[in-house]
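J.: Sharing a structure with you now.
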Ligand code: 2P0
């Protein structure tokens, strides 16, 4: 819009993260506290990301929000919780500082866009809320740990506030103050690591994550078993990351993905996120690993049919040509880049 000296504005971007230890289930729906820890890899800043501008001005008469160019209601409890918490912390920090207190009474306008399909199981809410909370933190001068605020927008968002390999600790406090993200290793720790996103469909998913995981917790017997196993897997994959042990990292990643989709199938009514194409990708990856004589590629699937492959840089050309051979880019795909090669070390 037109430039107005009384408008303060902050713009930033946040990348998506793809979990290798999956978050699926809450113990507290409002505070967004998870049934288990999770661990993810944050993609590069220039790849799949959200971009958000937040502006504050005394001329604004209400808080407003635009997503991908369309104005949305700002009354959703999650956005309200995030705004309330940012303002609360800003107020706490600035009490007595009258110059800054003015901003606290101002309304905000939020404009956010993704450079990839929203809600197609590509972690759009993770990047979106991470970006929003980071931008609001800058605007209101809230420093320090803010991933617990992003968590209250969308659980997986807390992990997108850090780069590289990120653990979302469950925490043990009832108020959720210790349920936040920590960086296990920066992206520079494993410079050869790459991911490939295989966009099977850019359509919206049929069961949203929030509702899906709620039904799983309520109805799946396998879920109890899974929760008991996650801590051990988290410790094992952390060790594999620390030691740059790709075969172990890859095996746990695939087993985790398979278990997530097993508990989805064990949910009543069952939830199907993977499609026939997803399962063909699984078979292709195992075929590549079999003929290679060791584990060279891992797949992981979230709340949708799209695959994320993890592999090392040296194997990208061969894997990419095999993927393109078996899954030639389709014409009706809105996004012409069927396969997006992502560097993680940016
Ligand atoms: C994850 N997913 O760990 C898992 C794997 C989907 C499958 O985090 O209700 O959108 O907003 O906290 O964060 C998706 O869950 O759910 C998710 P809410 P969210 O990445």
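J.: Would you check if there is a residue in segment 135-156 being under 16 Å from the mean Cα position of the chain (by Cα), at pLDDT below 95 and crowded, with 19+ Cβ neighbours inside 10 Å?
T.: Taking every residue of segment 135-156 in turn, none turns out to be under 16 Å from the mean Cα position of the chain (by Cα), at pLDDT below 95 and crowded, with 19+ Cβ neighbours inside 10 Å.
J.: Of all the residues that make up segment 274-300, how many are touching a helix residue (DSSP H, G or I) at 6+ places or on another chain (Cβ under 7 Å) and closer than 19 Å to residue 41 by Cβ?
T.: Residues meeting the conditions: 6.
J.: Among 305, 270, 247, 317, which is loosely packed, with under 15 Cβ neighbours inside 10 Å and within 16 Å of the ligand (Cβ to nearest atom)?
T.: That would be 270, the only listed residue that is loosely packed, with under 15 Cβ neighbours inside 10 Å and within 16 Å of the ligand (Cβ to nearest atom).
J.: With respect to residue 53, determine if the residue is more than 22 Å from residue 213 (Cα to Cα) and modelled with pLDDT of 95 or more.
T.: So residue 53 fits the description; yes.
J.: Here is a further query. Could you tell me which of the residues 234, 210, 253 is farther than 22 Å from residue 184 by Cβ and surrounded by 15 or more Cβ atoms within 10 Å (Cβ to Cβ)?
T.: 210
J.: Kindly check whether there is at least one residue in segment 73-86 that is farther than 17 Å from residue 133 by Cβ and over 21 Å from the mean Cα position of the chain (by Cα).
T.: Looking for residues that are farther than 17 Å from residue 133 by Cβ and over 21 Å from the mean Cα position of the chain (by Cα), one finds at least one in segment 73-86, hence yes.
J.: Then there's this: For segment 273-295: of the residues being in contact (Cβ under 8 Å) with a residue 40 or more places away in the chain and assigned to a loop (DSSP other than H, G, I, E, B), which is nearest to residue 125 (Cα to Cα)?
T.: Looking at residues that are in contact (Cβ under 8 Å) with a residue 40 or more places away in the chain and assigned to a loop (DSSP other than H, G, I, E, B), I get 273.
J.: Could you please find all residues in segment 213-224 being away from the ligand (no atom under 16 Å from the Cβ) and surrounded by 13 or more Cβ atoms within 10 Å (Cβ to Cβ)?
T.: The one that is away from the ligand (no atom under 16 Å from the Cβ) and surrounded by 13 or more Cβ atoms within 10 Å (Cβ to Cβ): 219.
J.: Continuing with the same structure: When residue 181 is evaluated against the numbered criteria (1) modelled with pLDDT of 95 or more; (2) surrounded by 15 or more Cβ atoms within 10 Å (Cβ to Cβ); (3) over 16 Å from the mean Cα position of the chain (by Cα), which criterion, by number, is the only one it fails?
T.: Failed condition: (3).
J.: Select, from 305, 317, 270, the only residue that is free of Cβ contacts under 8 Å to residues at least 12 places away in the same chain and not in a helix (DSSP H, G or I).
T.: After applying the criteria, what remains is 270.
The values are calculated or read from the model by the stated rules, or taken from the named source; none is laboratory data. Predicted model, so just to flag it, every value in this text is computed and none were measured. Positions of Cβ are generated from backbone atoms using ideal geometry, with glycine treated the same way; all protein chains shown enter the neighbour counts.
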